[in-house]
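The numbers here are math on the coordinates, done by the rules we state, and not lab data. Not measured: the values here are computed from a predicted model. For neighbour counting, all protein chains shown are included, and Cβ atoms are generated from backbone atoms with ideal geometry for every residue, glycine included.
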Amino acid sequence: MGGRQLVNRVGLVVAVALLVGALAALLWVALTQLPAFVVGADGQATIAERAMAQVASADWWFSVLAVVGGLGLGVGVWASLRHWGWPVAFVAVGAAAIAAVTCWLVGETLGPTPFAARMAAATAGEAVPVALRLHALSALALWPFSAVAVCLFASALGPEVGERTRRRRQAVEAGASEPVVEEA
């Protein structure tokens, strides 16, 4: 693979990572049910205990999307760059990190406007949903971990790069009319 072709493929991987991150952000916003504070007649805001537990749903949905997105990016990076060798793992981690940050920033931007401003403008009896925020920043690491896991498992459990070609060439050089199939 030439240098220009490699740069083109890595550029494509980065573009796909940005797209996957943006699509995951749209899903994150759509799937997360945000709990709401209810403004009382005295101007005090309250939230139910069950709704308070629902705040973690944003982190849960982000984590689910991170694992799925990371696995998808890992498969894509492995499929397009596996012949490059060991650096493919670093490309997978980089692409997944780009997707993670894109999902996080776009998701929080697309979510409800800042909570304090909405709460200040709220009237008595109005329900004000909390802002979409990623509270567990460690969930960002799920993207690269999932992506690199694909590359590591594929490289450990799959055939060596060029192994089939090498076996066929040896069989042809040895005079065999059919490629030699080794039994496990």
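Among Ala122, Ala100, Ala147, the residue with the largest mean-square fluctuation in a Gaussian network model of the chain, with springs joining Cα atoms closer than 10 Å, is Ala122.
What label, among [x] 1.12; [y] 1.51; [z] 1.19, belongs to Cα Rg over 2.2 N^0.38 Å computed from the structure on display? Comparing each candidate, only [y] matches the computed number.
On C-alpha positions alone, give me the angle between the axis of helix 163-173 and the longest principal axis of the chain, in degrees, nearest 10. The helix 163-173 is inclined about 10 degrees to the chain.
Dipole magnitude for the chain: computed about the Cα centre from +1 point charges on Lys and Arg Cβ and -1 point charges on Asp and Glu Cβ, it is near 540 debye.
Per residue, the chain reaches -21500 deg cm²/dmol at 222 nm when only DSSP H runs of four or more residues are counted, each adding -39500 (n - 2.57). Each residue of the range 93-103 was assigned a 3J(HN,Hα) from its phi angle through the Karplus expression (A = 6.51, B = -1.76, C = 1.60, θ = phi - 60°), giving 5, x, 5, 5, 5, 4, 5, 4, 5, 4, 4 Hz with x at Gly and Pro.
For helix 3-31, report the angle its Cα long axis makes with the longest principal axis of the Cα atoms of the chain; keep it between 0 and 90° and round to the nearest 10°. Computed tilt is about 30 degrees. Distance between the 7 Å Cα→Cβ label points at Met119 and Leu105: 2.7 nm. Within the listed set Arg133, Arg50, Arg82, the Gaussian network model of the chain (springs between alpha-carbon atoms below 10 Å) gives the highest mean-square fluctuation for Arg50. How tilted is helix 142-157 with respect to the longest principal axis of the chain? Cα atoms for both, answer in degrees (0 to 90, nearest 10). Helix 142-157 and the main axis of the chain meet at about 20 degrees.
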